[in-house]
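Asks: Got a structure for you, questions after.
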Amino acid sequence: MLKSTFQFLFFVIFFTVIYSSCEVLDKQEDIPSYIQIDTLVYQGITPNGFSCAYVYVNYKLIGVFEIPRTIPVLASGDSRILVRPGIDLNGYTYDRTFYELSRGYETRLTLEPSKVSVLTPTCFDSENVETAWLENFENSAITLQAADTVTPQITVRRQQRPGHNGFVGTMQITPHDTLSETFDYQYFDSIPIYFQSVPGYLEFSYQCNETIEVRLKAFVVSSGQYHDKTVLIAYKSPDEWKRIFIDFSTIVNDFGSGVFYKPYFRIRRFENTNTQDTITVNVDDIRIVYQKRN
């Protein structure tokens, strides 16, 4: 009787293991679908500075991907796709976030295993975005001017942008400009801008053959106290246009409430700059934007 019971248990265990092994061997692996994103488009701004994409499938974040990228997706059939543009805060690739001021791009796709669906997401500002300053140099009355209006050499020149429609602002220091050590270019309005502790950015596109500083003048209304500081260094990029996003929420938290700000750019001839070279800084699509409180 004991022998029969043992044999029965042996056969039960043996066939259970064989059946389970067959299941493992016969189980088909999931075949992914693919979403290909080569570029992100943002309401006419080139370059837009978006370095990555936050991709959601059926309202679930599947990852953050540098663009261009072909993304494997373990989903098929009718699917909702949401793409939110990502930026490098203050120019740092290690500090990335999605761009809060954009609505993102949403669409529906029929995903098929092993098939590639190509997307070119086009994004726009959210409805609750306030634009405090916009200078794209499309109008002759530009809002970026030299801080020293007496010196004619440092005026901002408006000129066509090679390879693109539209215009840019050009700032230069020639070998003959020796009247000042530094050359500052600022937002022309006499009223500085007030920021609340909400998502907000100073954004601009640039191409330059020398380092430029982005600086802020901060005015504390209650005490009359005045601060003037560098908030970012944009390094030379003579052959490529780049875009920078400076996070204002951090700056506002540092200074507290009741402070007004006036941003400006500073260029200079450094000691290691060849005295025969002309320093050229091109800027475009300068924006100060922030999220309005509800």
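Asks: Give me Rg over Rh for segment 64-171, both radii from the alpha carbons and Rh done the Kirkwood way, two decimal places.
Replies: That ratio equals 1.13.
Asks: Another question about this same structure. Leaving out ligands, DNA and RNA, and with a 1.4 Å probe, what % of the accessible surface on segment 23-123 is carbon or sulfur?
Replies: Carbon and sulfur: 47 percent of the exposed surface of segment 23-123.
Asks: Could you derive backbone 3J(HN,Hα) for segment 108-113 from the dihedral phi with the Karplus parameters 6.51, -1.76 and 1.60 (θ = phi - 60°), listing whole Hz in sequence and x where the residue is Gly or Pro?
Replies: With the stated coefficients, segment 108-113 comes to 10, 10, 9, 7, 10, x Hz.
Asks: To continue, here is another question. Stretch His176-Arg268 to full length: gain in nm at 0.36 nm per residue minus the Cα-Cα span?
Replies: 31.8 nm
Asks: Still on this model: Lys and Arg at +1, Asp and Glu at -1: add these up for the other residues within a Cβ distance under 12 Å of Gly169 and post the number.
Replies: Computed value for this residue: -1.
Asks: To the nearest 10 Å², what's Lys115's accessible area with a 1.4 Å probe?
Replies: Only protein atoms counted, so the area is about 110 Å².
Asks: Under 5 Å between amide hydrogens, which residues at least 5 positions from Val156 or on another chain qualify, with H placed 1.01 Å from N in the peptide plane?
Replies: Result for Val156 returns Ala146.
Asks: Taking amide hydrogens as modeled 1.01 Å from N in the peptide plane, which residues meet the under 5 Å criterion relative to Phe245, leaving out close sequence neighbours?
Replies: Long-range HN contacts for Phe245: Asn90, Gly91.
The values are calculated or read from the model by the stated rules, or taken from the named source; none is laboratory data. Given the structure is predicted, the values throughout are model-derived calculations rather than measurements. So basically every Cβ, Gly included, is an ideal-geometry build from the backbone, and we count neighbours across all protein chains shown. Surface accessibility is based on the protein's heavy atoms, side chains included, excluding ligands, DNA and RNA. Shrake-Rupley method; radii C 1.70, N 1.55, O 1.52, S 1.80 Å.
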